[in-house]
Amino acid sequence: MKNSAARRALRWGAALMLSWCAAAGHAQPQPLRIGLVGPFSGGSGDFGNSARFGAELAVKEINAVGGFLGRPLELVIRDDQAVPDVGRQAAEDLVLKEKVAFTIGYCNTGVAMKALDVFQDNKHLLMVPCSQGTAVTTKYPPAQSYIFRVAPPDLLNAKFLIAEIVDRRKLQRVAIFADETGYGEGGLQDLSAELAKRGLKPVYVARFPLGVTSLHAQMRAARDAGADAIVAYTVGPEQAVAVRSRLEVGYTAPFFAPWTLSFRSVLENAGQAAVEGTMMVQTIIQDNHNERRASFLARYFKHSNETRIGSLMAAAQTYDAVHLMLWALFQTKGDTSGDALKRALETLERPYQGVVTTYARPFSDKDHDAIAANMLWLGVWRKGQIEYYYQDDARRTGVVRRKDAQ
């Protein structure tokens with residue numbers, strides 16, 4: 001086994017050497033152009049720009065060691081503004097006009113869903129680093145799909161949250177707060193399905209539009225319905241409204257959410273007192289005892305010039321997405337066709353030691369989601385920082401949670 005591993009390492013080293021040699025032998029190689037789409041302005045800009053900085057950092061570091069076979073990587077960036085029609089236009093521009101090699105993008109589920117058919121119909125590889133709507137990777141059967149993802153689907157988030165609330169904490173009266181977007185609707189359906197498996201229904205459901213400024217009445221209604229746990233499925237600005245409304249009406253039921261609760265904007269807009277003790281699903285939590293993550297964060301902050309990261313998950317998952325695509329490119333020997341990249345990702349030969357996890361065969365022709373249930377953590381806001389909720393998890397931070405073998 002050791003000799004086999006050594007031979008594989010030598011082959012990979014030889015490929016990298018060819019890359020460096022190629023770089024030295026060509027004065028002006030053509031760049032490998034990569035599409036990047038996300039919400040870099042507006043209400044989703046905090047985590048959108050974290051994704052952008054993560055992609056930029058990955059590209060900068062790859063180019064510093066020769067790029068791909070001597071070709072520098074170049075990001076072709078489009079701001080979807082978290083608007084579905086703008087996101088679709090960005091997809092058409094990158095795929096049909098710019099003709100980028102592949103695209104990394106989408107942080108908002110409703111925006112992604114509006115654009116998916118552009119990639120699928122043109123057999124163009126899309127790697128989704130942030131958007132978690134279950135439908136993003138289930139709209140098309142994986143065997144035919146060109147859509148891959150390195151973020152947890154909401155189906156897993158729902159399983160994780162309901163297991164935590166009902167199975168672990170024995171709380172059965174759950175209120176669900178969901179916005180009226182595709183993201184909120186998908187979350188409501190996934191959570192309700194998990195409750196139904198346990199013979200339960202939500203005791204209260206609140207639906208609200210983006211831009212809502214108060215959820216006082218809905219919080220009081222949930223309390224009057226006897227809810228002993230709250231799950232909120234919405235984006236950052238509305239998460240801030242939800243936790244602030246909960247505090248202002250004096251409602252003390254534990255508050256749970258997917259990753260959107262962890263955004264910097266939630267803390268900034270709601271205040272530390274409102275977020276204190278609220279919990280969310282995470283694939284990665286800042287921990288200086290984990291060398292790989294600490295190193296990434298140091299390099300990230302140097303690149304971004306931020307003092308507080310908008311979303312560590314968005315940054316790390318997008319950084320990993322770029323490297324996974326580089327791994328696939330080496331496997332295809334530079335073939336950037338959608339079919340070649342799809343086959344390479346589904347049969348990835350070499351593990352990639354990423355920031356979030358070590359990706360060993362993360363995809364297959366039956367599964368285009370890299371994140372599995374065993375890779376999720378429960379995070380909590382404590383004194384203005386995201387921490388592990390359970391100390392046992394914090395003590396095991398050095399243990400890499402890999403996706404179960406397929």
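Straight-line cross-link partners of Lys97 among the lysines, defined as a Cα under 21 Å from its Cα and at least 8 positions apart when in the same chain: Lys114, Lys123. The convex hull of the Cα atoms of the chain, projected and averaged over all directions, covers 19.4 nm². Which one, Asn108, Asn288, Asn157, has the greatest fluctuation when you compute a Gaussian network model over the chain with C-alpha springs under 10 angstrom? Between Asn108, Asn288, Asn157, it is Asn288 that shows the largest mean-square fluctuation. Mind checking the log10 I(q)/I(0) for the range 149-228 at q = 0.16 Å⁻¹? Debye, one equal scatterer per Cα, no solvent, two decimals. For the requested q values the scattering log ratios are -0.63. Ordering of 158-164, 216-222 by packing is 158-164, 216-222, highest average first (other Cβ atoms within 10 Å, averaged per residue). Taking other Cβ atoms within 10 Å as a rough exposure proxy, Met279, Met127 sort from fewest to most as Met279, Met127. Entry note, the chain: the mean residue ellipticity at 222 nm calculated from DSSP H runs of n ≥ 4, each adding -39500 (n - 2.57), is -13000 deg cm²/dmol after division by the residues and rounding to the nearest 500. The residue among Gly211, Leu161, Tyr140 whose Cα reaches farthest toward the positive pole of the charge dipole of the range 139-214, with charges on the beta-carbon of Lys, Arg, Asp and Glu, is Leu161.
For the range 85-149, the normalised intensity computed at q = 0.17, 0.18, 0.23 Å⁻¹ comes to -0.48, -0.54, -0.92 (log10 of I(q)/I(0), Debye sum over alpha carbons, equal scatterers, no solvent). Only one residue of Ala221, Asn290, Gly187 has its Cα farthest out toward the positive end of the dipole of the chain, where Lys and Arg carry +1 and Asp and Glu -1 on Cβ, and that residue is Asn290. Take every DSSP beta bridge whose two residues both sit in the range 240-389; close to 85 percent of them are antiparallel. Think of the range 288-406 as a dipole: +1 on every Lys or Arg Cβ, -1 on every Asp or Glu Cβ, centred on the Cα centre; then among Met313, Tyr388, Phe330, Tyr388 lies furthest on the positive end. Placing unit charges on the Cβ atoms only, positive for Lys and Arg and negative for Asp and Glu, gives the range 130-288 a dipole magnitude near 380 debye about its Cα centre.
Rounded to the nearest 10 degrees, the angle from helix 291-304 to the longest Cα principal axis of the chain is 90 degrees. Where does the charge balance sit around Gly271 when Lys and Arg score +1, Asp and Glu -1, over other residues with C-beta under 14 Å from its C-beta? It works out to a net charge of +1. For the range 268-406, just say rounded, prolate or oblate: build the C-alpha gyration tensor, square-root its eigenvalues into a ≥ b ≥ c, call rounded for a/c under 1.5, and beyond that prolate if a/b exceeds b/c, oblate if not. Prolate. In a simple Cβ point-charge model (Lys, Arg +1; Asp, Glu -1; nothing else charged), the range 45-156 has a dipole of about 260 debye relative to its Cα centre.
Taking a straight line from the alpha carbon of Lys170, these aspartates and glutamates sit under 15 Å away, with near neighbours fewer than eight places off in the same chain left out: Glu194, Asp228. Projected onto their three principal axes, the Cα atoms of the range 99-187 cover extents of 52, 25, 19 Å, largest first. Distance from the C-alpha centroid of the range 237-263 to that of the range 35-53: 23 Å, rounded to the whole angstrom. Taken about its Cα centre, the chain carries a charge dipole of roughly 1140 debye when the Cβ of each Lys and Arg holds +1 and the Cβ of each Asp and Glu holds -1.
Any read-out appearing in this document is the output of simple, stated calculations on the displayed coordinates, not a laboratory observation. The structure displayed is predicted, hence computed values, not measured ones. Ideal geometry is used to build each Cβ from the backbone, glycine not excepted, and the neighbour counts take in all protein chains shown.
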